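**Student:** Shown below is the structure under consideration.
The values are calculated or read from the model by the stated rules, or taken from the named source; none is laboratory data. Values in this document were obtained by computation on a predicted structure and should not be read as measured data. Every residue, glycine among them, receives a Cβ derived from its backbone with ideal geometry; neighbour counts consider all protein chains shown.
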Amino acid sequence: MKQSISRRGLVGGALAGGTLALTSAGSSSAAASSGSRKHIVKAFYESYHLRDLPASWNRYIHPDAVMHVPGFDRQSWLEFDSKLVAAFDDLAITVFDQLEEGDKVATRWLLGGHHTGQFLGIPPSGRYASFTATTFDRVEEQKIIEHWSDADFTAFLQKLAA
């Protein structure tokens, strides 16, 4: 069966910030509900500015989450990022792009802030440092259950130590 999407439906859904979903009849619908997987992942990353990572983890990260990042599990990821947040008074994550397919969400974001506290043995520099990342998160039961990440964290650390 050939599926078609009207230009009006595609543009209207994109402008509304919705996720394009094809139905079996071939029509399009914009799913922009606050419970969509895309919105859950975005809310998680943007919650860093609230500085209460344990609350964010309880809200957005499944207790049995699997991290596909070498050396990290759910608890060590929380501990590491808590140290990161503590070392940057104005740390924030800005989400640039997201794509949702099935139960997975791809997100491109930027983390940045001024280095005001010791981080990984690097004394406070007062410098602004940032890095971009691309992450893939699988969402189940309204929480992130699997996480993959690709970021140039080494260059970020070099900016702090320079």
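**Student:** Of these, Thr134, Thr107, which one is of a type in the set (S, T, N, Q), in contact with a strand residue (DSSP E or B) (Cβ under 9 Å, 6 or more places away or on another chain), closer than 22 Å to Arg59 by Cα and surrounded by 15 or more Cβ atoms within 10 Å (Cβ to Cβ)?
**Tutor:** Going through Thr134, Thr107 in turn, just one is of a type in the set (S, T, N, Q), in contact with a strand residue (DSSP E or B) (Cβ under 9 Å, 6 or more places away or on another chain), closer than 22 Å to Arg59 by Cα and surrounded by 15 or more Cβ atoms within 10 Å (Cβ to Cβ): Thr107.
**Student:** Oh, and also: Tell me, which residue of segment 60-95 that is in contact (Cβ under 8 Å) with a residue 60 or more places away in the chain and more than 22 Å from Arg108 (Cβ to Cβ) is surrounded by the fewest Cβ atoms within 10 Å (Cβ to Cβ)?
**Tutor:** Asp64
**Student:** I've got another one for you. Confirm whether Ser56 is more than 11 Å from the chain's Cα centre (by Cα) and at pLDDT below 95.
**Tutor:** no
**Student:** If you check every pair at least six apart or on different chains, which have Cβ atoms under 7 Å apart with a residue in segment 38-49 that is within 14 Å of Lys104 (Cβ to Cβ) and in the same structural domain as Ile144 (by TED's automatic domain parsing) first and a residue that is at pLDDT below 95 and not in a helix (DSSP H, G or I) second?
**Tutor:** Lys38/Thr19
**Student:** State whether the residues of segment 62-82 include one that is of a type in the set (A, V, I, L, M), at pLDDT below 95 and either in the same structural domain as Lys38 (by TED's automatic domain parsing) or touching a Cys at 6+ places or on another chain (Cβ under 6 Å) (or both).
**Tutor:** So far as segment 62-82 goes, yes, one or more of its residues are of a type in the set (A, V, I, L, M), at pLDDT below 95 and either in the same structural domain as Lys38 (by TED's automatic domain parsing) or touching a Cys at 6+ places or on another chain (Cβ under 6 Å) (or both).
**Student:** Quick test of your reading of the structure: Asp97 fulfils all but one of (1) farther than 21 Å from Asp73 by Cβ; (2) touching a helix residue (DSSP H, G or I) at 6+ places or on another chain (Cβ under 6 Å). Name the failing condition by number.
**Tutor:** Looking at each condition in turn, Asp97 falls short on (2).
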